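The structure that follows is given in the form of structure tokens.
Values quoted throughout were computed directly from the atomic coordinates according to the rules given, and no laboratory measurement underlies them. The shown structure was predicted, so the numbers you read here are calculated from the model rather than taken from an experiment. Backbone-built Cβ (ideal geometry, glycine too); neighbour counts: all protein chains shown.
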Number of protein chains: 2
Amino acid sequence: MRESRGILTVVSGFSGAGKGTIMNELLRCYPDCYALSISATTRKPRPYEREGVEYFFKTEEEFCRMIADGELIEYAQYVGNYYGTPRDYVERQLEAGVDVILEIEIQGALKIKRDRPDTILLFITPPTAAELGRRLAGRGTESAEVIRSRLMRALSEAEGVDAYDYLVVNDVVEDCVRKVHSIIQNEHSRMHRNLSMIERLQRELEEFVQE
Amino acid sequence: MRESRGILTVVSGFSGAGKGTIMNELLRCYPDCYALSISATTRKPRPYEREGVEYFFKTEEEFCRMIADGELIEYAQYVGNYYGTPRDYVERQLEAGVDVILEIEIQGALKIKRDRPDTILLFITPPTAAELGRRLAGRGTESAEVIRSRLMRALSEAEGVDAYDYLVVNDVVEDCVRKVHSIIQNEHSRMHRNLSMIERLQRELEEFVQE
């Protein structure tokens, strides 16, 4: 009873919430269910990065043309480089029935939700502020000032989070991965994604009655 | 990260969809998670029925007073008897953090959703109209006319179903029970049910920054 189209899920969360680990584990545990969206960027590739795997590498001119032609579902500038989500790759996966996962910050996520209300917004958080503080403090080698600025950034990262659909606590990684998987799979049972099944059932019932 | 309050879930579905079996199995498999709402009725108790277990038995006068005093979250008349859902029992369970399940038809369900938007509406259906037809036909002892009227009733039972939150297919009972359980549990991760956790995290982060 799975409808054919995939679902786009945007994952955000505090730095230090473990988003990267969760997403890698999600793809490792359920490789047939999910595709990670691949970003376009004007940043120079690092030695190990492959075109179309880690990123689609673009010149600034190419990137600006993609913006102008509406080829990106969102984009942002960060430390002098552009990053964006190509519409084409996402659309092809969704049409093939694959659920697409996209990791971006809240402002981009809210923009996508406005354009595509069917998108699921999922926010990942450590269980407590103390735990978040410990993760941001890293291995204890950072200065108080660095930790303070990371905490400030975490605070700003939560602005707008009340517009998200789900809050998932990352306490034990495997539990969190199972939870995220289960949330996305259950979204396939949402009534608005299954109206065609209801219509088909009603049509078939009417045919029975007329027989 | 479970918020303390329980969630009210209304289960509806075609006659013949297997709602009763699903709900009994749900309570048997996860006895600590769920309470079935107990209806009040003006119908006479059958020999095996116990007050406060199968039903709260009321005189018509008592029932009408409950309606007048707003003590029912919904009620309906069926074959000359009143049936309704006492608010008090549901509220006490929800406050104790127990998820409450209520089986009623669509019109009552939509009324509850209007009054309590936080309610989850879940519609259970057999996988196909042919399968529904087989289940309605029973053991083949029913007349064509009886089956026809059941099919007609099934058709009317789906009126308004597009306002439901979830459509769950009952093909294999155990799968369906697991699905219903997982949907209700994931609803606890909905952002609007966890805003107090986010607020607490933000407050604690602010305290860290100020230290």
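Would you mind checking which residues have amide H under 5 Å from B:Glu74's amide H? H placed 1.01 Å from N; only 5 or more apart, or other chain.
B:Thr85
Take chain B, connect every pair of alpha-carbon atoms lying under 10 Å apart with a spring to form a Gaussian network, then pick out the residue of B:Ile147, B:Ile120, B:Ile198 with the largest mean-square fluctuation.
B:Ile198
Which residue, A:Met191, A:Met66, A:Met23, tops the fluctuation ranking in a GNM of chain A built on C-alpha contacts under 10 Å?
Result for chain A, Cα springs under 10 Å: A:Met191 fluctuates most.
What does the structure give for A:120-127 when I average, per residue, the other chain Cβ atoms found within 10 Å of the residue Cβ?
Partner-chain Cβ atoms within 10 Å, mean over residues of A:120-127: 2.
Can I ask one more? Please list the non-local residues whose amide H lies under 5 Å from the amide H of A:Leu8, H modeled 1.01 Å from N, same-chain partners needing a gap of 5 or more.
The answer is A:Val100, A:Ile120.
Sticking with this structure for a sec: First measure r as the distance between the Cβ atoms of A:Glu145 and A:Arg50, then evaluate 1/(1 + (r/R0)^6) with R0 = 35 Å and state the FRET efficiency to the nearest 0.05.
My answer for the efficiency is 0.45.
Taking the Cα atoms of the protein assembly as shown, report the difference between the largest and smallest coordinate on each principal axis, in whole Å and largest first.
Cα extents, longest axis first: 77, 55, 33 Å.
List the residues, sorted by chain then number, that are 5 or more residues from A:Tyr55 or on another chain and whose placed amide H is less than 5 Å from its amide H.
A:Arg50
Also: What ranking of A:Ser182, A:Ser196 emerges when the number of other C-beta atoms within 10 Å of each C-beta is taken as an exposure proxy, fewest first?
Fewest to most other Cβ atoms nearby, the residues stand as A:Ser196, A:Ser182.
Going through the stretch B:1-96, which trypsin sites (Lys or Arg not before Pro) have at most 10 other Cβ atoms within 10 Å and a DSSP loop state?
B:Arg50
Please provide three numbers in whole Å: the alpha-carbon extents of chain A along the principal axes, with the largest listed first.
The principal-axis extents, from largest down, are 79, 44, 30 Å.
Which of B:Leu201, B:Leu72, B:Leu27 comes first, and how do the rest follow, when ranked by fewest Cβ neighbours within 10 Å?
Listing B:Leu201, B:Leu72, B:Leu27 from fewest to most nearby Cβ atoms yields B:Leu27, B:Leu72, B:Leu201.
When a footprinting reagent is the concern and you count Cβ atoms within 10 Å, what order do B:Ser189, A:Ser12 take, fewest first?
Ordered by Cβ neighbours within 10 Å, fewest first: B:Ser189, A:Ser12.
Taking 26 Å as the cut-off for C-alpha to C-alpha distance, list the pairs among B:Lys44/B:Lys113; B:Lys113/B:Lys179; B:Lys19/B:Lys113; A:Lys19/A:Lys113; B:Lys44/B:Lys179 that go past it.
B:Lys44/B:Lys113; B:Lys44/B:Lys179
Follow-up. Top mean-square fluctuation among B:Glu95, B:Glu159, B:Glu145, Gaussian network model of chain B, C-alpha springs under 10 Å?
Its mean-square fluctuation being the largest, the pick is B:Glu145.
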